[in-house]
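> I'd like to ask you about the structure that follows.
The values are calculated or read from the model by the stated rules, or taken from the named source; none is laboratory data. All of these numbers come straight from a predicted model, not from anything done at the bench. Here the Cβ positions follow ideal geometry from the backbone for every residue, glycine too, while neighbour counts run over all protein chains shown.
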Amino acid sequence: MIIEGKANRQQPEPEDPRKRLEFNAPEKTSRLPVYFALVVTGIAFFLKSAFAAQAHDRPPVPEGDETAEDGGTPSSIIIALGGDEIDEVAAEEPAEGGAGGSPSWNGGLSLTDPMSFHYAATHFEYLGPQVAAFFPAAFNYQPQNDNVALPRGGAASGPSARGTAQSAQPPADPEPGPGGDDDEEEPAPDGDDDDEEETVPGNRAPVVVGPVRLREVFAGQVVLIGLSDLLFGASDPDGDTLTINNITATGGTLVRVGTDWSFVTLPGMFGVITFTYAISDGLVAAAQTATLEVVQNTVLLTPWDDVFVATPWDDNIDGLEGNDIIDGRAGNDIVTGGPGADHINGGAGNDQLFGGLDDDVIFGGAGDDVIGGGGGNDRLFGEAGNDIIDGGDGDDVVEGNAGDDVLMGGAGDDSLSGDEGDDAIEGNDGDDQLVGGAGNDLLHGGGGSDTLSGGADDDEIDGGAGDDTITGDAGDDRIDGGDGHDTLDYSEFSADIHLDFEAGIAWSEEIGEDLYENVEAVIGGQGDDTLIFSETTAIITGGPGDDLFIFTVSEETQQLSRPLLFEILDFVVGDRVHVAEYEVSSRAERLEEERFGEIYDELEAGFEADLPIRVTHAYYDDADHTVIEADVDRNAFYEISITLKGVQLPMMIEHQVA
């Protein structure tokens, strides 16, 4: 018997191999119930808004213990906090045992609907700093808070305030109750309308955050400062227009130009300038400050031959190497030429100009300049202004020009000229030429054999060390030869000069009255000069004209153990030599014309004296010499010896020797 088994279960279909690689995720649920619930909720809200109850004012409450006619409790008003007021209803009489009806109390408030709230969201603003681009550098901070103005009507704050404000309809008149009188007068208003007054927020002051920093400016520059620059970083919480009042500055000149300010800096005015002012909204002001820094324009040229024109403000220019041409223009400039033969023009302003090495040419221009030639044979010109010029090393040419200048030659054989103004000139080392020019000048030769000329006006001249030649020129000058063998030279003047060598006075219509000391030689002018000598040895040059050489003897002269040696270098026909006895010191303080008049009177008496005179001739130094000697005290010792160089004088000539 063959039994065949047959399976009752159906074989499953083979699994797709791709499903092995899929992630096992829970089965997605249907969202259809959620959508259905949202639709139902929306319909419910629509129906509720369509049939909203209308609110009415509660009728007046009877005075005393009087109640409504139906003997119920006082009328109540049911309020929907989330919407409009609803019609008034009468509270039902509660059942025995307190069951039934709606909850009520003496306040008359019956809550029948759920409470709803209306929230008005305001726009959120970021309160962090707002950084603006420089000029001026500051932070603008906008302060805010949660203060909100109350709505019109003065409704009390709370969740229901918004709903109350939205009801702008007047309250409906209450219907008369049973048995009421239509002509019953309405109750008079209590006069309390404070709730109807509008609440206005108070004014708030402008807000500033830190001082304002303005842009740097160049010294001597004129800049315009705008209103927006000074208000940078300031704001008004109420949105009011801001203005600037009572602005002051610690330097410069500040002038109002429309709504802006013009600020004028001065050349050489460096540092921080502070502006102080008030920012006002018309009612309240806030104090504020702004600062700017006045700087110098700095320029660095190339090591080659540059041609550069600076700004009209204060510049600092370094020419480096090369033969540069630099024009500083206006402003207080600092210019350094550096190595190379530079040509520098300072222009207007108080400039500092330095040539550096090599042969430079520098013009200071208008203003009080400081000029340094440095090394090399420089040509330096101060031009207008009170300048200070130092030639430095080398043989320099320095001219102060107009103004009270200070000139220094430095090392080398320099030529220094003060020109106009009261100048101070120092030759320093080397054989220098110093010319004071017009003005009351001060000249000092320094070391070396210098030539000094005071020029017009009253000058003070000091030859210093070395063998100097000094010219007093016009004016009442004070002359000190200093160390060395110094010469007082009047050869450029044509008027007759009266010179008392021992008293140290020289006078004429051209030169005025000069006082001098420490002078060993004198040169007369081109006229008929009178030159008087006594106890001081001198070398004399009469110059052109018929000169009179007078040699006097005092008591001190007679006691000398050595002779006084005088040498006349240009004794020619027309000149005369006189020897007389008289006292000079007692007449030193008198006027020159009076003194020389008295001298001539006493000379007549001296000529009649029988003084021993000896005349000899000699030839040496390739020249003839005539020696005149006088024995003043008649003791066979000749105290005075006068040598006439280049002259062999016979005894029989017309020149009288007394």
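> When the range 306-326 is examined, which residues are found to be assigned to a loop (DSSP other than H, G, I, E, B) and within 12 Å of residue 341 (Cα to Cα)?
Those that are assigned to a loop (DSSP other than H, G, I, E, B) and within 12 Å of residue 341 (Cα to Cα): 306, 319, 320, 321, 322, 323, 324.
> Can you tell me which residue is surrounded by the fewest Cβ atoms within 10 Å (Cβ to Cβ) among those in the range 417-435 that are touching a residue at least 24 places away in the same chain (Cβ under 8 Å) and under 12 Å from residue 392 (Cα atoms)?
430
> Right, residue 377: closer than 29 Å to residue 453 by Cβ, surrounded by fewer than 22 Cβ atoms within 10 Å (Cβ to Cβ) and either modelled with pLDDT under 95 or not acidic (Asp, Glu) (or both) or not?
yes
> If I go through the range 289-342 residue by residue, how many of them are closer than 30 Å to residue 212 by Cα and of a type outside the set (D, E, K, R)?
16
Conditions (1) surrounded by fewer than 17 Cβ atoms within 10 Å (Cβ to Cβ); (2) touching a Ser or Thr at 6+ places or on another chain (Cβ under 6 Å); (3) assigned by TED's automatic domain parsing to the domain that holds residue 434, marked per residue:
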| site | (1), (2), (3) |
| --- | --- |
| 498 | no, yes, no |
| 503 | no, no, no |
| 513 | yes, no, no |
| 527 | no, yes, no |
| 535 | yes, yes, no |
| 550 | no, no, no |
| 567 | no, yes, no |
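> Only one residue in 345, 332, 297 is modelled with pLDDT under 95 and under 21 Å from residue 386 (Cα atoms). Which one?
Every option except 332 fails the conditions.
> Name the residues in the range 202-217 that are among the aliphatic types (A, V, I, L, M), part of a loop (DSSP other than H, G, I, E, B) and under 17 Å from residue 292 (Cβ atoms), would you?
Result: 214, single match.
> Could you please find all residues in the range 271-296 being exposed (fewer than 13 other Cβ atoms within 10 Å of the Cβ) and either closer than 30 Å to residue 351 by Cβ or under 18 Å from the mean Cα position of the chain (by Cα) (or both)?
271, 272
> Same structure, new question: Restricting to the range 455-487, name every residue that is over 21 Å from residue 525 (Cα atoms) and in contact with a Ser or Thr (Cβ under 7 Å, 6 or more places away or on another chain).
Answer for the range 455-487, where residues must be over 21 Å from residue 525 (Cα atoms) and in contact with a Ser or Thr (Cβ under 7 Å, 6 or more places away or on another chain): just 466.
> Give just the number: which of (1) in a loop (DSSP other than H, G, I, E, B); (2) at pLDDT 75 or above does residue 567 not satisfy?
(1)
> Another question, if that's okay. Just to be sure I understand the filter: pairs with C-beta atoms under 6 Å, separated by 6 or more residues or on different chains, first member in the range 334-361 and surrounded by fewer than 21 Cβ atoms within 10 Å (Cβ to Cβ), second member basic (Lys, Arg) and modelled with pLDDT under 95. Which pairs pass?
Final answer for the pair search is none.
> Residue by residue through the range 417-441, note down the ones that are in a strand (DSSP E or B), more than 34 Å from the chain's Cα centre (by Cα) and among the aliphatic types (A, V, I, L, M).
The answer is 434, 435.
> I've got another one for you. Does the range 333-345 contain any residue that is more than 18 Å from residue 360 (Cβ to Cβ) and hydrophobic (A, V, I, L, M, F, W, C)?
no
> Looking only at strands (runs of 3 or more DSSP E) that lie completely in the range 451-502, which have at least 1 residues being free of Cβ contacts under 8 Å to residues at least 24 places away in the same chain?
By residue number, 451-453, 460-462, 469-471.
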